[in-house]
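> Could you have a look at this structure, given as structure tokens, before my questions?
The values are calculated or read from the model by the stated rules, or taken from the named source; none is laboratory data. Computed from a prediction, not measured in an experiment: that's the story for all the values here. Heads up, the Cβs are rebuilt from the backbone with ideal geometry, glycines too, and the neighbour counts pull from every protein chain shown. Areas reflect the complete protein model, heavy atoms only, side chains present, ligands, DNA and RNA absent. Shrake-Rupley method; radii C 1.70, N 1.55, O 1.52, S 1.80 Å.
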Amino acid sequence: MTTLWSGRFAAAPDAATLEWGSSFGFDRRLFEDDVAGSLAWARALARAGVLPPGEAQAIERTLTAILQEGRANPGFVEGPDEDVHSFVERILVERLGDAGRRLHTGRSRNEQVSVDLRLYLRRRIPALQAAIVRVIGALAGQAGSAGDALMPAFTHFRPAQPVLVAHFFLAHAAPLRRDFDRLARARDEADALPLGSGAIAGTSYPIDVHALARDLGFTRIAANSIDASSDRDFAATFLYAVTLAMVHLSRMSEDLIILCGDEYRFFELSDALSTGSSMMPQKKNPDPLELVRGKSGRALGHLVGLLAALKGLPSGYNKDLQEDKPAVFDAEDTLAGCLSIAASVVAGLTLNRSRAQAAASGMLLATDVADYLVGRGVPFRRAHEIVGALVHRLVAEGREFTALTPAEWRQASELFGADVVERITPRASVDAKQTPQSTSPGAVAAALRDISAWAAAAGS
Ligand code: ARG
């Protein structure tokens, strides 16, 4: 196998070492982007008068044919080449001879690999965003069908206050919506043209980089050729956006694993998305959710791995940077897979209304009891103490607020009137909330309308 750099050496490269260091096994995924970058580069060389128009056209024709062949037959994009850039150039030269050998004039693989990865992310991020919209759609669907059903919300994983089940589902949609925007920002960061940077110092040919940027759909030009040759901030930003989305999916999975479990059973997992045990006949395991939770560690590993690889690099391109691609590709695949599973699991959940609602009562109403006293003029801190003492007593007696007689209420405070009975219920607690982000039915209905309209617009 001849490399792009064989002239410098007296001996052939050690085959095993070359193969070990080859990135073609994974960067073949950049094939389309590499050809797109080369097509634009050929046009830029022609505009600069470096390539005669006839040769540039021949290069374009041949690259276009190579692209079509690669698209039609993925098996075509294979060979003993060092990387995808070497592969595309080898085929071009095999078909075109010297004209093909002129394509790399004024260009380096250092900037080529950067432009490819930037084009790739620009091309692929919208599919991840669309998959996020589908999970949000499934969550909004569950929120809609939950109607006025109630459940407890937790802090410190102890029952805290009653909320609408719809509010719980929308609570998992909200971070995913931020993930959508974060991915858009990662895409925006990738949107800068590194070509024109050469290997490190720029290029000696009068390339119109602004025209080249327009040709490739970039809105910005890299500011500094040294920086451009090793800038992988955009890849790290992408990995961060993916990791945070995975963290959100993982937390949602954890909630569902627990709340679908036997102790809670607020929701029932679809049988088709659960698994059994080889030994224990009774088991219905939430494997898909556990895998989503587990794979979030893998995405985080890719982010930390890339940051660690970048941390000690001297400026300019270093081969360590080749490690960016397995991280980016696997993070992308991991998130895509998890989003698709999450959408199915959420859509397949059945709400167990009576169990969820029954758990939304009892001591969860203590804040509402304190608020009742505040309504009668008691300072909140004082009300908190009075209700705290009442809770202490009820817990010791194994009773709940609803069991209190009017006399017992009055014993706790003269200010408790007959209306306390209807004021201290899970439904009244939810209805009493006033802020737009709260679980009040009006606020939740508005939030559901808002996210549904957003999803419809984002998905189109
Ligand atoms: N496969 C290499 C990478 O992924 C391409 C760039 C190679 N550049 C170089 N100077 N060896 O980074």
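> What single numbered condition from (1) closer than 30 Å to Ala445 by Cα; (2) touching a residue at least 24 places away in the same chain (Cβ under 8 Å); (3) open to solvent by 30 Å² or more (accessible area, probe 1.4 Å) fails to hold for Ser204?
(1)
> Additional query: I'd like to check which helices (runs of 4 or more DSSP H) are fully inside segment 186-299 and have at least 2 residues that are within 16 Å of the ligand (Cβ to nearest atom).
Counting at least 2 such residues, we get 225-230, 233-259.
> Now a separate question. Please give the number of the condition Asp330 fails out of (1) out of contact with any Pro (no Cβ under 9 Å at 6 or more places or on another chain); (2) more than 22 Å from Ala149 (Cβ to Cβ); (3) more than 16 Å from the ligand (Cβ to nearest atom).
(3)
> Applying the selection to segment 115-136, what residues are within 22 Å of the chain's Cα centre (by Cα) and within 16 Å of the ligand (Cβ to nearest atom)?
Result: Asp116, Leu117, Arg118, Leu119, Tyr120, Leu121.
> Can you tell which of Asp191, Asp215 is open to solvent by 30 Å² or more (accessible area, probe 1.4 Å) and farther than 16 Å from Val346 by Cα?
When all the criteria are applied, what remains is Asp215.
> Looking at (1) assigned to a helix (DSSP H, G or I); (2) within 13 Å of the ligand (Cβ to nearest atom), which is the one condition that is false for Leu4?
The number of the failed condition is (1).
> In segment 7-52, what count of residues is obtained for those that are exposed (fewer than 14 other Cβ atoms within 10 Å of the Cβ), away from the ligand (no atom under 14 Å from the Cβ) and at pLDDT 95 or above?
2
> Please work out which one of (1) under 30 Å from Phe238 (Cα atoms); (2) open to solvent by less than 40 Å² (accessible area, probe 1.4 Å) is the condition Gly297 fails and give its number.
With respect to (1) under 30 Å from Phe238 (Cα atoms); (2) open to solvent by less than 40 Å² (accessible area, probe 1.4 Å), Gly297 is out only on (2).
> Being in a loop (DSSP other than H, G, I, E, B) and closer than 30 Å to Thr243 by Cβ is the requirement here; does Leu183 meet it?
No.
> May I pose another question? Mind telling me which of the residues Ser361, Ser354, Ser315 ends up being more than 27 Å from the chain's Cα centre (by Cα), open to solvent by 10 Å² or more (accessible area, probe 1.4 Å) and within 16 Å of the ligand (Cβ to nearest atom)? Show your work before the answer.
Working: Ser361 fails: within 16 Å of the ligand (Cβ to nearest atom); Ser354 fails: within 16 Å of the ligand (Cβ to nearest atom).
Answer to the check: Ser315.
> Here is a further query. Tell me the residue from Val84, Val93, Val113, Val88 that is surrounded by fewer than 22 Cβ atoms within 10 Å (Cβ to Cβ), aliphatic (A, V, I, L, M) and at pLDDT 95 or above, please.
Val93
> Another question, then. Of the conditions (1) at positive phi; (2) in a helix (DSSP H, G or I), Gly377 satisfies every one except a single condition; which number is it?
Of everything listed in (1) at positive phi; (2) in a helix (DSSP H, G or I), Gly377 misses just condition (2).
> Which residue, of Ser438, Ser340, Ser361, Ser344, is touching a Lys or Arg at 6+ places or on another chain (Cβ under 9 Å) and on the phi < 0 side of the Ramachandran plot?
Only one candidate passes the filter, namely Ser340.
> To continue, here is another question. Please name all residue pairs, on different chains or six or more residues apart, with Cβ atoms under 7 Å, provided the first residue is in segment 89-115 and is within 18 Å of Leu193 (Cβ to Cβ) and the second residue is open to solvent by 20 Å² or more (accessible area, probe 1.4 Å) and more than 16 Å from the ligand (Cβ to nearest atom).
Qualifying pairs under 7 Å: Thr105/Val50; Thr105/Tyr205; Gly106/Val50; Gly106/Ser204; Gly106/Tyr205; Gly106/Ile207.
> Quick check on Leu139: is it in contact with a His (Cβ under 6 Å, 6 or more places away or on another chain) and either free of Cβ contacts under 8 Å to residues at least 12 places away in the same chain or more than 16 Å from the ligand (Cβ to nearest atom) (or both)? Before the answer, list the steps.
Working: in contact with a His (Cβ under 6 Å, 6 or more places away or on another chain): yes; either free of Cβ contacts under 8 Å to residues at least 12 places away in the same chain or more than 16 Å from the ligand (Cβ to nearest atom) (or both): yes.
It is true that Leu139 is in contact with a His (Cβ under 6 Å, 6 or more places away or on another chain) and either free of Cβ contacts under 8 Å to residues at least 12 places away in the same chain or more than 16 Å from the ligand (Cβ to nearest atom) (or both).
> Is it the case that segment 324-335 has a residue that's under 25 Å from Phe168 (Cβ atoms) and under 17 Å from the mean Cα position of the chain (by Cα)?
Keep residues of segment 324-335 that are under 25 Å from Phe168 (Cβ atoms), which gives 335.
Now restrict to residues that are under 17 Å from the mean Cα position of the chain (by Cα): 335.
Scanning segment 324-335, I find at least one residue that is under 25 Å from Phe168 (Cβ atoms) and under 17 Å from the mean Cα position of the chain (by Cα), so the answer is yes.
> Considering only residues that are in contact with a Lys or Arg (Cβ under 8 Å, 6 or more places away or on another chain) and open to solvent by 10 Å² or more (accessible area, probe 1.4 Å), which ones fall in segment 127-143?
Within segment 127-143, none qualify.
> Another question, then. Go through Val346, Val292 for me and flag whichever is closer than 30 Å to Ala428 by Cβ and under 30 Å from the mean Cα position of the chain (by Cα).
Details: Val292 fails: closer than 30 Å to Ala428 by Cβ.
Val346 is the lone residue from the list that is closer than 30 Å to Ala428 by Cβ and under 30 Å from the mean Cα position of the chain (by Cα).
> If Leu321 satisfies all but one of (1) more than 16 Å from the ligand (Cβ to nearest atom); (2) over 22 Å from the mean Cα position of the chain (by Cα); (3) modelled with pLDDT of 95 or more, what's the number of the condition it fails?
Leu321 satisfies all of (1) more than 16 Å from the ligand (Cβ to nearest atom); (2) over 22 Å from the mean Cα position of the chain (by Cα); (3) modelled with pLDDT of 95 or more except (1).
> Pick out, from segment 397-460, the helices (runs of 4 or more DSSP H) lying fully within it that include 1 or more residues that are under 26 Å from the mean Cα position of the chain (by Cα), under 21 Å from Ile386 (Cα atoms) and among the charged types (D, E, K, R).
In segment 397-460, no matching helices (runs of 4 or more DSSP H) lie anywhere.
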